[in-house]
Amino acid sequence: MRSILLAGAAVLVLTGIAACGGGDQSSSSAMRTWRMGFSVVPPRLTTAAVIEGIDRWSLRAEYAAIHEELPWTDLLLRGMSPDDILDRDKVQLVAYMRSKGLQLYFMADLTDGLSRGEEAPQLRALGRSITEPEVQQAYRSYLLAVDRKLQPEIIGLAAETNLIRAAALPAVYAGVVTAANDAAGDLLAAGSSATLLFSVQVETAWGRLGGNASYLGVEQDFTDFPFAQMLGLSSYPYFGFAQPEDMPANYYSRLLNGRTLPVMVVEGGWTSAAAGTIQSTPALQARYITRHAQLLDAVGARGLIQLLFADIDLASLPPPIPPNLPLFVNIGLTDSDFNAKPALAAWDALHARHLTH
């Protein structure tokens, strides 16, 4: 899912937004170690939808997530500076979310989020590649500007690395490894206070996504991305399990293989409707939210990002529509008009727990 809709990133230039506070947060005797949040992906590519979404989900969140393909066209073709791009597209947006009391998680995605075997869409259109030193340098400069201007609490330097390694050409994966490690070095040298992570695709690690259901693990990823101060988890388990209760209790903890590295679910969800050969319902999605909390507790997770707050209105998107996008559009906790699904009440019940970190 990841960086869909971000070809329309200009709608995120929220001129003249008035700051206002977040909602009250109740607590119960139950506790959680994980801050909760959503990405800014709106149900429709309009400024009004972005603002309404933030206003609604900020009442039940501590994190805001921006997960996107880099603006390669502006960086490489138009020669814009990272600072100018961020001033245009992100500074006011982030300021608005921070006015709600939200912390920021930023993931700079290096490949195609809907087709991990391919280069990022804008790079493909430009005939460029993450294997090129000039492209890698543009990524590094952009991340330094993100850190300087947006000051994210958490920065992701590469997404779903195990799936990239399985699906992409070896040279592309090697380019991702080099770029991410060099960017981590840049950020540390600049004195960044952000927590650095890479993410792995959990269903791939368990052999449930295009595999034979044999556990594979992510040991190579720990070797290739040694800078990680936290492990990011990408999980869409409806691709691998018919029922949320089928996910084993060590679904996340097994990936650490004895490590004490903190973990955070940085993207994911469960569809509330049939998608291709997948069968699901709103009630099943609500059960996933509750079951997921048990998995988070089992690993002492530090964060949970639900990719969509509201479903994506496919009919509102300009063509071409990626062929596998419909598999993800119904993982929101509301429909595309912000009408609540049962999963929203399950989420709110978890959010009412006392946050211990």
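The values are calculated or read from the model by the stated rules, or taken from the named source; none is laboratory data. Here the structure is a predicted model, which is why all the values come from computation and not from measurement. Here Cβ is always computed from backbone atoms with ideal geometry, including for glycine, and neighbour counts include all displayed protein chains. All accessible areas refer to the heavy atoms of the entire protein, side chains included, with ligands and DNA or RNA removed. Shrake-Rupley method; radii C 1.70, N 1.55, O 1.52, S 1.80 Å.
Residues of the chain were split at every exposed loop site, defined as trypsin sites (Lys or Arg not before Pro) in a DSSP loop with at most 13 other C-beta atoms within 10 angstrom, and the longest piece left, sites excluded, is 79-258.
Comparing A194, A315, A171 in a Gaussian network model of the chain (Cα springs below 10 Å), the most mobile by mean-square fluctuation is A315.
Gaussian network model of the chain, Cα springs within a sub-10 Å range: biggest mean-square fluctuation belongs to which of P320, P170, P133? The residue with the greatest mean-square fluctuation here is P320. Each residue of the range 147-154 is assigned a 3J(HN,Hα), and the resulting list reads 5, 6, 8, 9, 6, x, 6, 9 Hz, derived from the Karplus form 6.51 cos²θ - 1.76 cosθ + 1.60 (θ = phi - 60°), x at Gly and Pro. In summary, the lysines within cross-link reach of K100, defined as a Cα separation below 23 angstrom excluding same-chain residues under 8 places away, comprise K90, K149.
Label separation (E245 vs Q151): 4.7 nm, computed from points 7 Å beyond Cα along the C-beta direction. Amide H contacts of E267: L233, S235, I305, each under 5 Å away and 5 or more positions distant or on a separate chain (H built 1.01 Å from N in the peptide plane; Pro and chain starts excluded). Taking the chain as a Gaussian network of alpha-carbon nodes connected by springs under 10 Å, the highest mean-square fluctuation of the residues A145, A340, A190 belongs to A190. Shape verdict for the range 107-235, please, from the Cα gyration tensor: rounded (a/c under 1.5), prolate (a/b greater than b/c) or oblate. Oblate, since a/c reaches 1.5 and b/c is not below a/b. Using the Cβ of V91 as centre and a radius below 10 Å, the other residues enclosed give a net charge of 0, where K and R count +1 and D and E count -1. For an R0 of 51 angstrom, estimate the FRET efficiency from the Cβ-Cβ distance between L325 and H354 and round to the nearest 0.05. Computed FRET efficiency for L325 and H354 comes out at 0.85. Annotation: the antiparallel percentage among DSSP beta bridges lying fully within the range 60-136 is about 10. A helix-only calculation puts the chain at -10000 deg cm²/dmol for mean residue ellipticity at 222 nm, using -39500 (n - 2.57) for each DSSP H run of at least four residues, averaged over all residues.
Each residue of the range 290-297 was assigned a 3J(HN,Hα) from its phi angle through the Karplus expression (A = 6.51, B = -1.76, C = 1.60, θ = phi - 60°), giving 5, 5, 4, 4, 5, 5, 5, 4 Hz with x at Gly and Pro. Computed from phi, the 3J(HN,Hα) profile of the range 328-336 under the Karplus parametrisation 6.51, -1.76, 1.60 (θ = phi - 60°) reads 10, 6, 10, 8, x, 8, 10, 7, 6 Hz, with x in place of Gly and Pro. Surface composition of the chain: carbon and sulfur make up 53 percent of the accessible area, probe 1.4 Å. Think of a 1.4 Å ball rolled over the protein heavy atoms: the range 78-143 then has 37 Å² of accessible area per residue. Which of the three applies to the chain, rounded, prolate or oblate, going by the alpha-carbon gyration tensor with a ≥ b ≥ c and a/c under 1.5 meaning rounded? It comes out rounded by the Cα gyration axes. From a point 7 Å beyond the Cα of N257 in the direction of its Cβ, which residues of the range 139-183 have a backbone N at a distance under 18 Å? Within reach of a label on N257, which here means backbone N under 18 Å from a point 7 Å along Cα→Cβ, the range 139-183 contributes 160-166. Less than 5 angstrom separates the built amide H of H67 from those of V40, M107, all sequence-distant by 5 or more or on a different chain. In terms of its C-alpha gyration tensor, the range 307-357 has a prolate overall shape, because the principal axis ratio a/c (a ≥ b ≥ c, square roots of the eigenvalues) is not below 1.5 and a/b outweighs b/c.
Here r is the Cβ-Cβ distance between V91 and F227 and R0 is 25 Å; the resulting FRET efficiency, rounded to 0.05, is 0.40. One Cα centroid belongs to the range 204-222, the other to the range 142-172; the line between them spans 20 Å.
The H on the amide N of L355, modeled in the peptide plane, is under 5 Å from the matching H of R32, each at least 5 residues off or on a different chain.
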